[in-house]
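Q: What follows is a single structure, and I will ask about it in a moment.
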Amino acid sequence: MKLRQILTARYSCDLETVMKTEPFKNKSATTVIDVWNYYHRVLPEAVSLAMSYQKTKLLQDRMSKMPIFMQPVIRDLNHFFLLSHISEGKELIMFNFVEDINVKPLEYDPIFIMRIFKEMYNSHGIFLVRGDIIDKAISKTEAELAMKGLINYYTDNNLYKEYIEPFNERLADFNHEKFLNDYLETFSRKEDKFNDF
């Protein structure tokens, strides 16, 4: 079995495992999102957001075509990189230290995972997203920025073409220094605009 299949099986779960959906059947999408985010706000090792169908489909379709990217994690005056990749079922995104993959490519476990839950789409038109910190080597704030950064770079047409496509298809054309500078100067200072509702 491929490593990606093993990791997908290990970390996949359905929404009922995280939150009982029955009490929200007759609630509005706004209420569901508010409760979802409030619940995760108090958890020390989990982050959350909600996305529309359009943004979710764009993210998943683009990650299926261009499955790998890196997210800078800024810590004080230094930074390091996480490498992200999507599972075969498109509902699980895993983040690893680049160094771990280089050192032990057949043994690594993710340090952070994103799960995309589709169970509330038919009833409420939303996709709920949860990020879980597996390794305490990153903080909750760092995990949240990595998750939102990934979504932003894959769903913004200009960023996707400038950075995601060359990183996956023409690595020699990927401008690492410009990417890092752009990330530091723009994304890290953006207000929270990632919940669509």
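Computed from the coordinates by the stated procedures, all read-outs in this text should not be read as laboratory data. Bear in mind that the values here come from a model prediction, so they are computed numbers and not experimental data. As a convention, Cβ positions derive from the backbone with ideal geometry for all residues, glycine included, and neighbour counts pool all protein chains shown.
Q: At 7 Å along Cα-to-Cβ for each site, give me the label-to-label distance between Lys140 and Glu185 in nm.
A: Simple spin-label model gives 3.3 nm for this pair.
Q: Once you place label points 7 Å from the Cα toward the Cβ at Val42 and Phe80, how far apart are they in nm?
A: Once both label points are built, they end up 3.2 nm from each other.
Q: Mind giving me the nanometre distance, one decimal, between the label points for Asn122 and Gln54, set 7 Å out from Cα along Cα→Cβ?
A: 2.4 nm
Q: Order these by the 10 Å Cβ neighbour count, fewest first: Arg62, Arg75.
A: Working: Arg62 20, Arg75 12.
By the 10 Å Cβ count, ascending, the order reads Arg75, Arg62.
Q: For Ser48, Ser64, Ser139, which order do you get if you count the other beta carbons within 10 Å of each Cβ and list the fewest first? Spell out each step's value before the answer.
A: Numbers: Ser48 21, Ser64 11, Ser139 14.
The most exposed by this proxy come first: Ser64, Ser139, Ser48.
Q: Turning to a different aspect of this structure: Output ³J(HN,Hα) for the range 40-48: one whole-Hz value per residue in order, computed from phi by the Karplus curve 6.51 cos²θ - 1.76 cosθ + 1.60 with θ = phi - 60°, and x for Gly and Pro.
A: 7, 4, 8, 7, x, 10, 8, 10, 8
Q: Fully extended, how many nm does the chain gain between Leu15 and Ser64 (0.36 nm per residue separation, minus their Cα-Cα distance)? Spell out each step's value before the answer.
A: Working: separation 49, 0.36 × 49 = 17.64 nm, distance 2.22 nm.
Taking Leu15 through Ser64 to full extension adds about 15.4 nm, to one decimal.
Q: Taking amide H positions as placed 1.01 Å from N in the peptide plane, with prolines and chain starts having none, which residues 5 or more places from Asp156, or on another chain, fall under 5 Å of its amide H?
A: Correct list: empty.
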